[in-house]
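Visitor: Below you will find the structure I want to go over with you.
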Amino acid sequence: MPSDITQLTADRQLTGLRRVLDCPATVTVLRQGPAAASGEPPDWLALLCTVHSEALPGWPGTAADTDGLRLSCGSVLDYRSAEQLLQSHADLWLTPLTGVDPKTYAGFWPEVLDQADRVMRARLGEDAADGDERLHSLAMMLGMASRNAAEGNLYQATVPLAYCETLAQRL
């Protein structure tokens, strides 16, 4: 299995760039997620600083060389399908934030994202005096993701969700 970032990313279609941690530290460790099939490259690559690498020992994967990398700690290069990306968003922040579980909608993502959008808009109605700009921005981007999914473009729906993921960490 390749051990440096150049080999791991060569000739692959990046499907998502995410920021799962809010840490400005320099990347020193690359964690490789599992591969979809034996002999295939990893489905995702998480770039971590030394502190987060040691603080997250349960994250699957192995360390690899990060020479020449200029991304921040917590950046994830994702190569998974749109459905897998959406499930990852649901697992990491969407369901905990909104209470919307994809299983309730049999994984039909346009419906999942529509319901999550409704929950966020209702929350904004309750918190209108709050003035939390992050919450307003998150709701706006979640609405965009919902519309993209309703139009049948699940990959495009993952783009604003990646931004939401970063904002959700700061709530």
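The values are calculated or read from the model by the stated rules, or taken from the named source; none is laboratory data. Because the structure is predicted, anything quoted here is derived from the model rather than measured. Don't worry about glycine lacking a Cβ; one is built from the backbone with ideal geometry, like all the others, and counts go over all protein chains shown. These area figures cover heavy atoms from the full protein model, side chains too; ligands, DNA and RNA do not enter into them. Shrake-Rupley method; radii C 1.70, N 1.55, O 1.52, S 1.80 Å.
Visitor: I'm a student and want to see the number: the projected area of the Cα convex hull of the range 77-171, averaged over all directions, in nm².
Guide: 5.5 nm²
Visitor: Further question on the same structure: Using 0.36 nm per residue of separation minus the Cα-Cα distance, give me the extension gain between Lys103 and Ser81 in nm, one decimal.
Guide: Roughly 6.1 nm would be gained on extension.
Visitor: Then there is this: Can you list the chymotrypsin sites (Phe, Trp or Tyr not before Pro) in the range 67-171 that are in a DSSP coil and have 16 or fewer other beta carbons within 10 angstrom?
Guide: Phe108
Visitor: Sticking with this structure for a sec: Separation between the Arg170 and Arg70 pseudo-spin-labels, each 7 Å from Cα along Cα→Cβ, expressed in nm?
Guide: Label at Arg170, label at Arg70, 2.3 nm between them.
Visitor: In the full protein assembly as shown, how much of Glu54 is accessible to a 1.4 Å probe, in Å² to the nearest 10?
Guide: 130 Å²
Visitor: Sticking with this structure for a sec: For Ala157, what is the net charge nearby, where nearby means another residue's Cβ is under 15 Å from its Cβ and Lys, Arg count +1, Asp, Glu -1?
Guide: Overall, the nearby charge balance is -4.
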